[in-house]
Structure formats: C-alpha cells, structure tokens
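This report refers to the structure that appears directly beneath it.
The values are calculated or read from the model by the stated rules, or taken from the named source; none is laboratory data. Just so it is clear, the structure is predicted and the values come from calculations on it, not from any experiment. Here the Cβ positions follow ideal geometry from the backbone for every residue, glycine too, while neighbour counts run over all protein chains shown. Remember, those area values only see protein heavy atoms, side chains included, never the ligands or the DNA or RNA. Shrake-Rupley method; radii C 1.70, N 1.55, O 1.52, S 1.80 Å.
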Amino acid sequence: LASRVRDAIMLVRGRAADSIPADVRERALISRTLGYPPDDSGDLVEDYRRITRRARLVMERVFYGE
C-alpha cells in the first residue's frame, strides 16, 4: 500500500513524497487514483493508518521480540 500511495502522490503532485497530503483536494485526487469512491478520501487515510499500524506491530515483534 505504501508504494501504491507513493506512486499516486507522484502522479498527482508531479514530485515524490512519503506522506499523505493534508490538502483535501490533493488527498481526494490520490484516493481516486487508488480506486476509492469519489469524495471519500477518509477511507484512504483510515486504511493507510490501519495497515501501517499492523506493519509496525509485526516489525516490532519480528525484530525486537515484543
């Protein structure tokens, strides 16, 4: 997902970035590029946060034994 978001940001902005933009218009364009319904960029943010939290938990368990 992180790679897909990065690629969509590159398409929308024309330059690389690693975080979802705070600007609502840019975020809406990025979410549409990723196939989310129109005018619902909140789902993108929720999905991104949920998936990255899970990835962090896995990383901590695998690398730090927590």
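If you take every residue apart from Asp39 with its C-beta less than 12 Å away from the C-beta of Asp39, what net charge results, scoring Lys and Arg +1 and Asp and Glu -1? The partial results should precede the final answer.
Values: positive: Arg25, Arg27, Arg32; negative: Asp40, Asp43.
Value of the local net charge: +1.
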TODO: Working from Cα positions, state the angle (0 to 90°, nearest 10) between the long axis of helix 41-64 and the longest principal axis of the chain.
DONE: 20
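Hey, could you grab the Kirkwood Rh for the chain? Inverse mean 1/r over distinct alpha carbon pairs, Å, one decimal.
Taking the inverse mean of 1/r over all distinct Cα pairs, the chain comes out at 12.6 Å.
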Open item on the list: Heavy atoms of the protein only, probe of 1.4 Å, neighbouring chains included. What is the accessible area of Arg53 in Å², nearest 10?
Closed with: 140
- [ ] Quick one: accessible surface of Asp7, probe radius 1.4 Å, all protein chains present, in square angstrom to the nearest 10.
- [x] 100
Task: Using alpha-carbon coordinates, inclination of helix 24-33 to the longest axis of the chain, degrees - done: 80
Task: Accessible area, probe 1.4 Å, largest first, for residues Glu46, Glu26 - done: Glu46, Glu26
Open item on the list: With angles folded into 0 to 90 degrees, how steeply does helix 2-13 sit against the dominant principal axis of the chain? Use alpha carbons for both and round to 10.
Closed with: 20
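What number, rounded to the nearest 500 deg cm²/dmol, is the helix-based mean residue ellipticity at 222 nm of the chain, given -39500 (n - 2.57) per DSSP H run of at least four residues and division by all its residues? Intermediate results must be reported in sequence, preceding the final value.
Values: 3 runs with 46 residues, N = 66.
Calculated mean residue ellipticity at 222 nm is -23000 deg cm²/dmol.
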